[in-house]
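For reference, the structure is listed below as structure tokens.
The values are calculated or read from the model by the stated rules, or taken from the named source; none is laboratory data. Nothing here was measured: the structure is a model prediction, and the numbers come from that model. Cβ coordinates were reconstructed from backbone atoms using ideal geometry, including for glycine residues, and neighbour counts include every protein chain displayed. In case anyone asks, the SASA skips ligands and DNA or RNA and just uses the protein heavy atoms, side chains included. Shrake-Rupley method; radii C 1.70, N 1.55, O 1.52, S 1.80 Å.
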Amino acid sequence: MELRIRRLLTMFVMLALFFVALGCEKMDRSLQPEGKPVQNTSFLQDEEATSKEEKIKIGFSMDTLEEERWLRDRALFKAAVESLGAEVEILAANGDDALQVLQAETLISQGVDLLVVVPHNAEAAATIVKKAHLAGIKVLSYDRLIKNAEIDLYVSFDNERVGELQAEAITKIVPKGKYVYIGGADTDNNAHLFKKGVFHVLQPLIDKGDITVVYDQWTKNWLPSNAYANMQEALIANEGKIDAVIAANDATAGMAIEALMETGLAGKIPVAGQDAELAAAQRIVEGTQTMTVYKPIPTLAEEAARLAVAMARGEFIDTDRKVNNGKVEVPSVLLPPIAVNRSNMDETVIADGFHSKVDVYKGETR
Ligand code: GAL
């Protein structure tokens, strides 16, 4: 008797368990969209997986993180892309062309929806564009132009205007005299644009015989140590008799000022830079550097992110400017740079929160 009751009980429990499991299964199906195979029981995970799949993924191939600004570009671009509901994978090649191509191939093989590139070498990066297009991926050239390639969009500052602003500021102080030009890396198309802008302003004064450019050299790989060597060479070649220095960015200007410091000329010779680095802003308020060109990186990063995500979503991007890169007329967005010296430091760089007043004035209240 007892045995029979126990068997009945066991069967009852088994049956109950079976129906419970069946019940759950049914509930699951009823919440799932029609026709979707159930991967597993937690539909929430499915939902996340689906939105992750459809999420736009941007690949960002950077040349370097050496200069202060690139760290800002990286952080701001990432934040801007994510605020648009997309995701971004960022790789930096430390000034190595082969590594940059390899990293771009990695991003392409990961199936990014769009590739954003800051090229180390304007010409060498053309191969990255070819590889991306073969994979059906469009390319946005960020800050620096890729040459001789069918890029889809170029977003930067008006880099010729950067050079003009530098030369306008210095020729106002030194309308006549001997000039030293410390250029950027000749592999970087921007360096050529900066120089073109500088000489656009200097040439008429050179033609009049008012100004002589006694030294003019590129700075290999934008390395500050190369800029220092250039400036030393210029001082030796001209027995220290120079009247003004225009350096392509603040990192190179800082090293030119180091060399001037060693010959007691720092603060006596006007020096122009670019990028509004903190150290440069400090030198400007102290008086060893005359000016810098401020390029509001948040504007560049946000605009590039907005256009990158829109293009990745298949939207047509129309721009009012085109830049010829030797192969095509590239649709371009060029943002205005701003000349900054001691007199407008507060209402530009500090007002924008690019640097704090405490940092620029090193805690002194002015
Ligand atoms: C340029 C850029 C500058 C500068 C330089 C060195 O292309 O526009 O802001 O810092 O590269 O990386």
Quiz item: Can L3 be described as modelled with pLDDT of 65 or more, surrounded by fewer than 10 Cβ atoms within 10 Å (Cβ to Cβ) and farther than 30 Å from D188 by Cα?
Solution: yes
Quiz item: Any chance the range 77-87 includes a residue that's part of a strand (DSSP E or B) and either open to solvent by 60 Å² or more (accessible area, probe 1.4 Å) or closer than 26 Å to D275 by Cβ (or both)?
Solution: no
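Condition check ((1) at pLDDT below 95; (2) closer than 30 Å to D352 by Cα; (3) within 16 Å of the ligand (Cβ to nearest atom)) across all residues:
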| residue | (1), (2), (3) |
| --- | --- |
| K208 | no, no, no |
| I211 | no, no, no |
| D216 | no, no, no |
| N226 | no, no, yes |
| N230 | no, no, yes |
| L235 | no, no, no |
| E258 | no, yes, no |
| G264 | no, no, no |
| L278 | no, yes, yes |
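For the range 105-161, what are the residues that are small (G, A, S) and within 17 Å of the chain's Cα centre (by Cα)?
At the first step, the residues of the range 105-161 found to be small (G, A, S) are 109, 111, 122, 124-126, 132, 135-136, 141, 149, 156.
Residues satisfying the conditions are A122, A125, S141, S156.
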Quiz item: So which residues in the range 247-269 are in a loop (DSSP other than H, G, I, E, B) and either open to solvent by 30 Å² or more (accessible area, probe 1.4 Å) or in contact with a Pro (Cβ under 7 Å, 6 or more places away or on another chain) (or both), if there are any at all?
Solution: T263, G264, L265, G267, K268
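Based on this model, can you work out whether E329 counts as open to solvent by 20 Å² or more (accessible area, probe 1.4 Å) and within 16 Å of the ligand (Cβ to nearest atom)?
On the way: open to solvent by 20 Å² or more (accessible area, probe 1.4 Å): yes; within 16 Å of the ligand (Cβ to nearest atom): no.
Answer is no for this residue.
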Exercise. Report whether or not D186 is surrounded by fewer than 21 Cβ atoms within 10 Å (Cβ to Cβ) and touching a residue at least 24 places away in the same chain (Cβ under 8 Å).
Key: yes
